[in-house]
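Written out below as structure tokens is the structure these notes cover.
Bear in mind that the values in this text are calculations on the coordinates, not laboratory data. Every value quoted in this text rests on a predicted model; they were computed, and no experiment measured them. Neighbour counts are summed over all protein chains in view; Cβ atoms, including those assigned to glycine, are modelled from backbone coordinates with ideal geometry.
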Amino acid sequence: METAIEVSDLTVAYRDHPVLWDIDLDVPSGVLMAIVGPNGAGKTTLIKAILGLVKTAAGQVLIFDKPYEKQRHRVGYVPQRGSVDWDFPTSVLDVVMMGLYGKIGWLRRPGRRERAQALDALKKVGMDAFANRQISQLSGGQQQRVFLARALVQDADVYFMDEPFQGVDATTERAIIALLRELRGRGKTVLVVHHDLQTVPEYFDEVMLLNVRRIASGPVADVFTDDNLRLTYGGRVAFLKAQQSKDDVPLAKVG
Amino acid sequence: MDLFQQLFTDYTLRTVALGAATLGAVSGALGTYAVLRRQSLLGDAISHAALPGIALAFLLTGSKLPLVLMLGAALAGWLATLLVMAVTNMTRVKYDSALGLMLSVFFGFGLVLLTFIQKLPNANQAGLDTFLFGQAAALVQRDVVTMAGLGGVALLAMGCFWKEFKLLSFDAEFGKSLGFPIRWLDVGLTTLLVIAIVIGLQTVGVVLMSAMIIAPPAAARQWTDRLGLMVILSMVFGALAGVSGALLSAGTTNLPTGPTIVLCVSIVVIGSMLLAPNRGLIWRWLRDRRSGRRLRLEAVLLDLYALAAQHDHRDHPHAEAVLDAMNPHMGPTRRKLQALAERGFIRPVEPAQWALTPGGIAEAERLLRSRDGGEGEREKGREGEDR
């Protein structure tokens with residue numbers, strides 16, 4: 001299978017404190033991969049480092065065998081919902097059209113075609129009725145879906161999503177899952193920072209366990225094991241996986 | 001009205017009005033971005049920091065040409081901005097402290113230079129001290145032409161990079177991921193802000209110029225939820241306040257222009273905060289009062305429904321005194337009961353006894369249903385805000 005994302009030796013440090021240490025990661029094309037790890041493990045930083053949004057101390061990133069800078073147009077990004085001011089004076093449709101700004105080029109304004117594309121993306125996330133709403137009127141889940149629509153219009157091959165499930169309602173969670181599956185059906189690759197360990201096997205094909213270093217990565221069935229989780233989270237994993245695990249005898253001894 | 005007529009006949013007044021309108025419109029437009037990007041105080045630092053630039057430009061060239069002084073002001077303002085960024089990045093001093101530090105250091109240095117210049121045995125130095133509080137009456141055509149030229153360039157650049165600046169202000173990181181040179185856009189927009197500030201310094205003065213950056217956009221934000229309209233409104237407010245303040249100070253009295261303009265713009269801000277629909281305080285107060293009254297009516301109706309649910313017949317009457325006791329904080333319920341009766345939801349049975357009508361039962365059940373659904377949804381929304 002083709003490799004969509006190839007990260008090698010990626011290291012990020014704030015002052016002399018390593019945030020990501022020597023990360024290697026291969027993501028095959030057409031899979032949904034979760035990045036999981038405890039708070040402060042560097043999940044968001046990993047995505048930002050791949051996208052060139054934070055300074056890296058070492059390492060390189062290839063998207064479909066070419067440096068990221070040359071493949072930018074094939075990459076879509078969904079930042080954390082809380083990273084922007086939702087009281088900004090603009091409409092839902094306007095925010096979605098921002099996903100097209102890179103393609104429109106300098107000195108030109110979005111026109112009728114861009115509006116149609118944005119409306120189309122809003123329809124896919126079930127938000128077309130909100131197109132002309134001011135963004136401050138949206139609930140958390142609706143904000144998330146607007147961000148997803150903005151990434152959809154980018155029409156990328158590789159998507160990076162930072163905690164799209166964070167604090168959203170059940171409707172939005174279902175909408176996101178349906179969308180992820182549709183993207184996979186079209187051969188897209190999606191990397192998702194994820195918090196809820198219990199839903200990893202249900203939602204994702206592959207998983208990367210991260211805690212400053214890469215603990216493991218690969219198909220969920222091979223990699224998402226109690227041993228690996230313990231390595232990633234320390235003893236706390238007993239709480240995290242307790243409900244999910246049926247043979248919890250070995251876990252009970254942990255911690 | 002006399003003043004208004006003079007505007008078209010009197011050369012000086014016309015010059016003053018044109019200059020003030022220009023600076024108000026330009027600072028209103030660029031100030032919109034400063035306010036949306038939470039950089040209002042950067043405007044204050046830039047304007048204060050411009051003072052030593054003006055003084056040094058005069059000392060080095062001996063000229064009081066507006067372009068020369070504005071260039072000095074712009075360079076000093078820029079230097080202060082760079083130093084703020086450098087201090088924030090390289091030391092543990094936080095952004096707000098760095099701003100305050102640069103503002104006072106530059107301004108203090110500027111005051112020292114200004115005093116030094118005034119002691120020079122040179123007749124030409126007179127008038128530089130008007131840069132402190134501004135003097136619209138001193139505007140001549142040459143100044144206004146320079147202001148309009150620079151301001152026009154700034155507005156044109158803002159229009160050309162409209163979508164890029166919008167992206168920068170709303171979600172800079174996403175813009176960077178799209179491949180936009182976000183740092184250069186930031187530098188560009190800050191430069192435009194510096195231009196907007198320096199063209200107003202002679203008229204408004206370094207001390208109060210930041211009001212022209214902050215107040216018009218703050219007022220405009222009250223009236224609209226669209227960026228384009230906000231910029232236009234902000235320009236109009238800025239120009240209005242500029243012209244009225246400048247004319248008041250230049251025409252009749254010898255009031256310093258800066259403070260007069262600030263008073264005018266304050267009126268616009270206060271008016272907007274009170275009167276604007278949706279965001280205005282009066283509007284909100286009326287809305288809260290209306291919804292408060294509706295909620296209290298609904299509470300009484302639901303109480304009656306809850307009481308009736310304990311009986312076989314839903315239209316079992318209950319005494320007003322019981323309802324009073326159920327809502328001790330609300331005061332007597334009689335008027336609410338009468339209002340409910342007017343709507344056909346309840347009917348009086350005997351004196352001070354009330355029963356639900358079929359319509360009232362249906363309404364209570366509808367309310368209960370919608371509250372369950374509505375509140376669940378709202379809870380989730382709030383969860384999202386917390387993160």
Q. Hey, A:Y77 hits all of (1) in contact (Cβ under 8 Å) with a residue 12 or more places away in the chain; (2) out of contact with any strand residue (DSSP E or B) (no Cβ under 8 Å at 6 or more places or on another chain); (3) at the interface with chain B (Cβ under 8 Å from one of its Cβ atoms); (4) not small (G, A, S) but one; which does it fall short on?
A. (2)
**Q.** Among the candidates A:R109, A:R113, residue that is in a loop (DSSP other than H, G, I, E, B) and surrounded by fewer than 17 Cβ atoms within 10 Å (Cβ to Cβ)
**A.** A:R109
Q. In this structure, is B:L229 within 14 Å of chain A (Cβ to nearest Cβ), in a helix (DSSP H, G or I), within 14 Å of the chain's Cα centre (by Cα) and surrounded by fewer than 24 Cβ atoms within 10 Å (Cβ to Cβ)?
A. yes
Q. So which residues in the stretch A:186-228 are among the small types (G, A, S), over 25 Å from A:P79 (Cβ atoms) and either in contact with a Phe, Trp or Tyr (Cβ under 6 Å, 6 or more places away or on another chain) or outside any strand (DSSP E or B) (or both)?
A. A:A221
**Q.** Among (1) outside any helix (DSSP H, G or I); (2) touching a helix residue (DSSP H, G or I) at 6+ places or on another chain (Cβ under 9 Å), the one test that B:V268 misses
**A.** (1)
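Please work out if A:G82 is under 18 Å from the mean Cα position of the chain (by Cα), small (G, A, S) and within 11 Å of another protein chain (Cβ to nearest Cβ). Outline the logic, then answer.
Numbers: under 18 Å from the mean Cα position of the chain (by Cα): yes; small (G, A, S): yes; within 11 Å of another protein chain (Cβ to nearest Cβ): yes.
Spelling it out, A:G82 is indeed under 18 Å from the mean Cα position of the chain (by Cα), small (G, A, S) and within 11 Å of another protein chain (Cβ to nearest Cβ).
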Q | Residue in the stretch B:173-198 that is farthest from the chain's Cα centre (by Cα), counting only those that are assigned to a helix (DSSP H, G or I) and under 15 Å from A:P79 (Cβ atoms) | A | B:S177
**Q.** Any pair with Cβ under 7 angstrom, 6 or more apart, that starts in the stretch A:87-111 at a residue that is more than 9 Å from chain B (Cβ to nearest Cβ) and ends at one that is small (G, A, S) and surrounded by 17 or more Cβ atoms within 10 Å (Cβ to Cβ)
**A.** A:V92/A:A131; A:L93/A:A118; A:L93/A:A131; A:V96/A:A118; A:V96/A:A121; A:V96/A:A149
